[in-house]
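Below is one structure; the comments refer to it alone.
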Amino acid sequence: MPLIQSFKDTRVNDHANSHLVTVKIPLQKDEKANLDSSFTSGNNTISSVRDSEDDYYTKKIAAEGGTLLRSPSSNSTIPRSIAWRVLENSTVLELDPIDLNLTQNHQLRKIRFQIPAEILKNCITVSEDSSSENIVIDFLSKTSHVYTIYFNPSEFLESAKQSMSDVGHSLTEENAYKWRKVQYPYHFDFNRPHLLHNASMNVLVVSTLDGSLVKLTRRSPLDDMTSEVFNDPSKKSGLLNYFSWSHSETVPGWGNLAYRAAVAMVSIPNINAIAVLTINRMIQIWSLNSLSLLGEHELKSPKDLPERERIFIGPTPMKLLATPAFKKSYEDAGYIYLGVYMPLGDGIFKIFKLHLKSQRPILEELGNEYELIPKVPDSYSTWVVNGFTIFDNTETSPELQISIMWKSNTSSAFYQATLPNSSQQEVNWFVDCSTRDSSAMLTSSIYHSNQVEYYVEKIFGFVTYSKNVVETALDIYEGHYAFSSFPEPNSPSLKDRAEAIIGATINPTEELSKSSPEHQNLQKELVKQWNTLDVLCEELQRSANEVLSTDWDPVLKLFWISRAGHSSIIRPALPLELAYANRTNDPSNIVRTIVTGSLRPLKPTDSIDILVLLETFSNLRASLSPNHVNEIYNALRTEYFSHTSDHSTRLTELYNKYLSRHLSQSSLYALEESLSKVGDLYTELLMLYVLINPRFKSENRDVFLTTTGGLFVSQVFYNYILLSRSIILDILIAIIATIPSKTVLIKNNIKVYVRFIELLKSFDAISEFSKIDIEDDTEDDTKDEIPVSELPVSSSSKQLTSFEELTIQYPFSTSVDVKGLKPVIFQILGQWKLSPDNEFITPYKFIVELIRHGPLETAQKLARYFPSDDAFSQFINANIELRAQDGEKTQKYFGLAAFGLAKGKLSAEKLELVSLLSSKSLFTSEAFGNGKAKFLLAASKAALEYNLNDTALALAKEAQASLEAEKPDIDVYDHMFNIAIKLSQFKDAETAVAEIEKVDSQRLKELSKDEQLVASQQRSLVTPYLETLASWLVRAGKLSVLETLDLSKEATGTITDFLFKQAEISLTRALLGEGSKDNDNEESNPFLYYNVLYSWNIHYDDFRGAASALYLKIQHLETLNTELSSILDEILVTYLILINALRCMPKKDGWLVTKQASRSGGNSDKIRLQQVVLSLDELQGMYHKYVGRKDMLLVQEFSSKLVLN
């Protein structure tokens, strides 16, 4: 039987909706009070290991479950898809909304009902009331009561208006009459229920152990029920009918279970009837109107079976009956297909045609062409059919498709076939792809540097285990080693917790050399412990994977699989998955047809060649040991960051080092032979490149995913990445293997090698990205707080990985369904492609969040994958190094980024990321596309913000230098000046001042004469910079630097005026008896500015100005105690210097203009400085007065000494 692997099984909702509403239903007064407490109390054990395992199997593993798929007309309200599971010994019913696509801004939540009595096995239905679109849940309890729960789907919405109450929902005890009903419509304590079926919203049918069928009728879901027993002509009548011990026709070994009890029921549309399959192989058609048997058909038992097996199908209710999932107008057609599965012997599926137009329905057996012996997945396990679905395609063709879900004690498998089937042809089975691209192969240890890394990715990656499984396995492992649990408030991630626990079990007491035997033994023990945790996870996951039900979604056209621990989806394989799973050197006709259709627009011959190539490359890799493949893979990874252009030599080196000794001649011969059969090998490889890396662009992206949809798509995408990486590695190994071939098998092999090595780099990078979770640093500065998302969905970062969150936040052009999944995956691939022409933002956003919240080391590692010639990538690198406080690399990357970002504007998405990186909005839109100076100015300010002052100055100087070819920018000069002053780099400050002066001069030139006059009366642009520069130099004691500045005449005059003004301020403070308030240097030397002003004027041969400075100093000295000899000496010396300065000028110029203190209005408190002109003679007269005072002071001192003697 040909197997065409065309489906994939993908896990969906393990931890999608973290919000939970718990509704407790109390025990009713008329229910029995003596319930067995074992189902609620549980078994108390001392062992924490036992508790963890028990909790997992009771609270996380469901006994029953299914998926409610509301009618397509309910698309206007959400959720449309609801997974339900029965937990905790059948005392908890949990409903989880699992819609994939989001049309409105909603966050979904689970609802959990705590039931006071056990729900009976196979006695629960979850449906929708088509008139009100409300959810209806009916179940029978251990107390023989019928429970009905009825509520609006809006209760699943976190902020639903209908849910407003003190507890956040309307399912309260006060409102109980509005949403639940508990009643006792029939004496089920005598006739115990065996199976419950929802025939319609107003009719329930119960099959009891004694073979009876009971109809429960109500006008609406919360109305009182009435009960009626179907008229079974084969059963006894009267009171004996109520006593099960009165029957002898029971199933041997099953107590009171009658062989006429139903094990499957299905509704027959339009004739208000049900079809029933009984234990003794009878198909019965019952009227819901007359409660009478309309027809009966006995299924033939294989003759080679033992007598008992030939009689009975089996006592456990199963989905053994099915009507077409696509219901057309059966009334017009006059018939309906009815599918039956008989689990006898090898099992057999039969399709009947039930004619509806006759007075009594006629069940027509369609013969061998509509019979199907199922293909069992393998002979090593015990397989049973969990359920099957029939597709009625008679509107377009006479074909029926039958889809089967197998389950065993270890796994499950999905099979599909088409009927009718000619007896001369083998059945073509379409199955899932798990047999040829398992997660174990895709996450093989060949992709990891060591075994520990392999186990870490396997356990905590996307593919293998659910979070519930890993958490429980850790609890068990932790309990086994008697470790105490981590405190809840500071609980680490599961990965960190595992590493801490396992590391503690073998932590050495001293540092060991890696080459020592002790270290090697510890490494072996470490691998052993990780393997132990992996085995624990595998056992727990096996239980979680058990199939409970299979439901067809007519809207998405996908299969929902309800499993014990989660839900999954059976989806069509993507084109690459389909090609790889069906790779072969000799494809069958059906494979050719299916693959050719999937790989359009490729030609059929090209599609077949791709299957051959995939098989050939895979076989070549299989001929090598995993260790050798691992060596080649790690060697290829070094190529990512090398800059060699001699690829030919490099390929030869790779072959000689890694393949020449390990590839057998037979393997090489098989490779050459297979490749020689492909027409244009180079063209086929390019087609394979496009198949792996398709280009997909869509203008409209306005569809978002729910959290469940994000988890599903993330799983699909991650599997696609792993598969693509495996194929690319196979291709690269084949290219290397053909290097020594005498005939050039692969034309342009160097070009092909370069393209695929870059592609491997991209896929490896995406794989790295998906492993990282962004740290939630709650103590971070407010500048790095994540703003409230404006996207249509929010999620708990503790529940989702960063990769999943980004997938959810990304808008798509189509909904996720049977046709939309491929474009969605290709759009995600497009947004993650690391190429310079990338228009999507996700990789950058991921890095940005890592930069902001850590770990920064991870951001540095991942950013290496960005292309070196992409300007925005260099900008991201610069921001990483900025936070890493590496000034040299920060300057380098900002400089590289400037070449590209200075020319073009950024998209809104990238500008949003830029704003996240800058707390003060340093990089606004103006910094991009407006020249290098604007960009480098913003970069310099960013460096300054992170205290990289030298880097900030270097970038500012680059910005200033770039302005030589651009329009001058005062902002650049201002910023450069301020940093230079801060770092005491006065030459750089001088450069900035000179540029500012040029701008000021140009401004004056461009003004008219009248405007120049007004401008000249205003303060010059350069004045504050000159004053600041002079002030800093004076304070720093750098007078020699001040005097050597290359300044214009105007700038020199400005500094002279500034120094004179500062000297006047010093004098005024002295006259008022005040000290310096701002200048520490001036405090220690109150005469600082007089001396500086004198020296400055002398430097420029301005002797009159120098004398003026000294006269101001003399007035300052006069405010001191002039009776002191030292003060008088200083005054006399200053006068002498002043007089000498004026004598350096011609005699006629022996005068000065200066300021002199005077009292205003006789009020000694008011002092002002008046401008005066003093001649040399007047100054000499003042000098001689102080000479006289000095002589008198000397006489007094001499007289005092004589008296003492």
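Brief remarks follow.
- Calculated FRET efficiency for the pair Ser422/Glu296, C-beta based, R₀ 25 Å, to 0.05: 0.20
- Placing a pseudo-label 7 Å from each Cα along the Cα-to-Cβ vector at Lys1147 and Asp869 gives an inter-label distance of 8.3 nm.
- Calculated over the range 501-646: convex hull of Cα atoms, volume per residue (Å³): 256
- Each peptide in 1053-1063, 584-594, 719-729 gets a packing score, the mean of other Cβ atoms within 10 Å over its residues, and the list from highest to lowest is 719-729, 1053-1063, 584-594.
- Take the Cα of Lys557, step 7 Å toward its Cβ, do the same at Lys1005, and the gap between the two points is 7.3 nm.
- Full extension of the segment from Thr584 to Asn270, taken as 0.36 nm per residue of separation minus the current Cα-Cα distance, would add 108.2 nm.
- The simple Förster model, with R0 at 41 Å and r as the Cβ-Cβ distance, assigns Ser543 and Ser516 a FRET efficiency of 0.45.
- For the pair Leu494 and Ile1167, a Förster radius of 56 Å applied to the C-beta separation gives a FRET efficiency near 0.10, rounded to the nearest 0.05.
- Inter-centroid distance (Cα atoms) of the range 1109-1146 relative to the range 516-539, Å: 90
- Set Lys932/Lys1049; Lys910/Lys932; Lys603/Lys677; Lys24/Lys495 screened for pairs whose C-alpha atoms are more than 28 Å apart: Lys932/Lys1049; Lys24/Lys495
- For the range 600-684, the Cα-based Rg and Dmax, in that order, read 15.2, 41 Å.
- Working ranking of peptides 600-610, 90-100, 1122-1132 by packing, defined as the average number of other Cβ atoms within 10 Å per residue, highest first, is 90-100, 600-610, 1122-1132.
- Measuring nothing but alpha carbons in the range 638-719 and taking Rh as the Kirkwood radius, the Rg to Rh ratio lands at 1.15.
- Amide H contacts under 5 Å for Arg180: Tyr150, restricted to partners 5 or more places along the chain or on a different chain, H placed in the peptide plane at 1.01 Å from N.
- Label-to-label distance, nm, for residues given as Val527 and Lys603 (7 Å Cα→Cβ offset): 4.9
- Each residue in Lys889, Lys524 was given a count of other beta-carbon atoms within 10 angstrom of its own, and listing them fewest first yields Lys524, Lys889.
Values in this text are rule-based calculations from the coordinates and carry no lab data. Since the structure is predicted, the reported quantities are computational estimates derived from the model, not experimental observations. Quick reminder, even Gly has a Cβ in these numbers, built from the backbone with ideal geometry, and neighbours come from all protein chains shown.
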